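> First, the structure itself, so that you have it in front of you.
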């Protein structure tokens, strides 16, 4: 059994590396495929092994996906905030350092998760029932806080409401497969790629140097914010990073550490949330729930073990991949690479969501460009998920 677990763990790391490096290929998509095949072609395989594969893939993805988000400016919903500080460092030849900073945060998050997982289970199991009815009001409070933190508050509010209306409209379409794919790809990926093409960004030669940053303050923010966002629907690592940075203020390098930590912690706590309150907060948790149902304590222990091993391996893997791609990025025509990436994203959206997906991709891309042009942080565009979630609880 140990051999099989090791094999599926390594295969999951390989899959997470692929999903992390290729824009538009998210672990949610792979999870859906695994779930659909688990009742047919994969039925002879024990659900335990499939869970090991999904967990190792998900954890690896949280490490690797900062590479394209920083080097290409093509993030997913978990790394959209890395674009601004990451690109600033990239333009100074410090893209490698930016990636490694997120990697430090993610590795620290693995050990933090192991240490506080079972205390979190006890706390949440005793408090969740009493606060469950307050969830939409917590989400409203978080949304208002994010808006009030902006310098251009009216613009941020407008972007929040605009993307919220877009998200609500898209999520209420019943004729589209995977509506979040074109919606989020356009808002956070397509918009940045088109702006990169328009501005004809040239990437300088990257320095391969060891970054220096204070870890204690950003990790403190991650420890406080990530568990809260993990147990509340509609909130992800982006919001957790902003909340964490509000609690423990840090510089742009520290913020990248914070974002790496929250990205991995939110994923890890989604498994704890599934065990504790039987709620799914990430696509990986949804896949596990559909394969095995509610978790037993022995399965949670296995998940934490797989998280630890895959996290350590992913740390060293990310360092090597970051070094390789950072050394090559200045030799590539960045405009052409952005165009090719944009075409790949469009193709993936078409294959998954058909022509209606392309229409949503186009609308969300131009919405993202317009929102960025207003000079507000990209976190305001998360209204596309927060407003539909709030309305779902209130109506």
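> What helices (runs of 4 or more DSSP H) completely inside the range 71-154 contain at least 1 residues that are at pLDDT 85 or above?
Of the helices (runs of 4 or more DSSP H) lying wholly inside the range 71-154, those with at least 1 residues that are at pLDDT 85 or above span 95-131, 135-148.
> Do any residues in the range 143-156 that are on the phi < 0 side of the Ramachandran plot have Cβ atoms under 9 Å from those of residues that are surrounded by fewer than 13 Cβ atoms within 10 Å (Cβ to Cβ) and assigned to a loop (DSSP other than H, G, I, E, B), where the two are at least six apart or on different chains, and which pairs are they?
151/375; 152/375; 155/375
> In the range 339-349, is there at least one residue being over 25 Å from residue 62 (Cβ atoms), modelled with pLDDT of 85 or more and surrounded by 15 or more Cβ atoms within 10 Å (Cβ to Cβ)?
Yes, the range 339-349 contains at least one residue that is over 25 Å from residue 62 (Cβ atoms), modelled with pLDDT of 85 or more and surrounded by 15 or more Cβ atoms within 10 Å (Cβ to Cβ).
Per-residue answers, yes or no, for (1) within 20 Å of residue 381 (Cα to Cα); (2) assigned to a helix (DSSP H, G or I); (3) in contact with a helix residue (DSSP H, G or I) (Cβ under 7 Å, 6 or more places away or on another chain):
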site: 328; (1), (2), (3): no, yes, no
site: 331; (1), (2), (3): no, no, no
site: 337; (1), (2), (3): no, yes, no
site: 351; (1), (2), (3): no, yes, no
site: 360; (1), (2), (3): yes, yes, yes
site: 365; (1), (2), (3): yes, yes, yes
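> Same structure again: Out of all the residues in the range 289-303, which are crowded, with 18+ Cβ neighbours inside 10 Å and under 18 Å from residue 10 (Cβ atoms)?
Of everything in the range 289-303, just one residue is crowded, with 18+ Cβ neighbours inside 10 Å and under 18 Å from residue 10 (Cβ atoms), namely 303.
> Just to be sure, is residue 279 surrounded by fewer than 24 Cβ atoms within 10 Å (Cβ to Cβ) and outside any helix (DSSP H, G or I)?
yes
> Kindly evaluate residue 274 against the criterion of being outside any helix (DSSP H, G or I), surrounded by 19 or more Cβ atoms within 10 Å (Cβ to Cβ) and modelled with pLDDT of 80 or more.
No; evaluated as a whole, the condition is false for this residue.
> Let me ask something else about it. When residue 265 is evaluated against the numbered criteria (1) surrounded by 18 or more Cβ atoms within 10 Å (Cβ to Cβ); (2) modelled with pLDDT under 80, which criterion, by number, is the only one it fails?
It fails just one condition, (2).
> Which members of the range 87-115 meet the condition of being surrounded by fewer than 18 Cβ atoms within 10 Å (Cβ to Cβ) and within 24 Å of the chain's Cα centre (by Cα)?
88, 91, 111, 114, 115, listed by residue number.
> Return yes when residue 255 is out of contact with any helix residue (DSSP H, G or I) (no Cβ under 7 Å at 6 or more places or on another chain) and either assigned to a helix (DSSP H, G or I) or at pLDDT 80 or above (or both) and no when it is not.
no
> Quick check on my filter: what residues within the range 172-217 are farther than 26 Å from residue 262 by Cα and part of a helix (DSSP H, G or I)?
Scanning the range 172-217 gives 194, 195, 196, 197, 198, 199.
> Return yes or no: is residue 341 assigned to a helix (DSSP H, G or I), within 27 Å of residue 233 (Cβ to Cβ) and in contact (Cβ under 8 Å) with a residue 40 or more places away in the chain?
no
The values are calculated or read from the model by the stated rules, or taken from the named source; none is laboratory data. Every value quoted in this text rests on a predicted model; they were computed, and no experiment measured them. Glycine also receives a Cβ, built like all others from the backbone with ideal geometry; neighbour counts cover every protein chain displayed.
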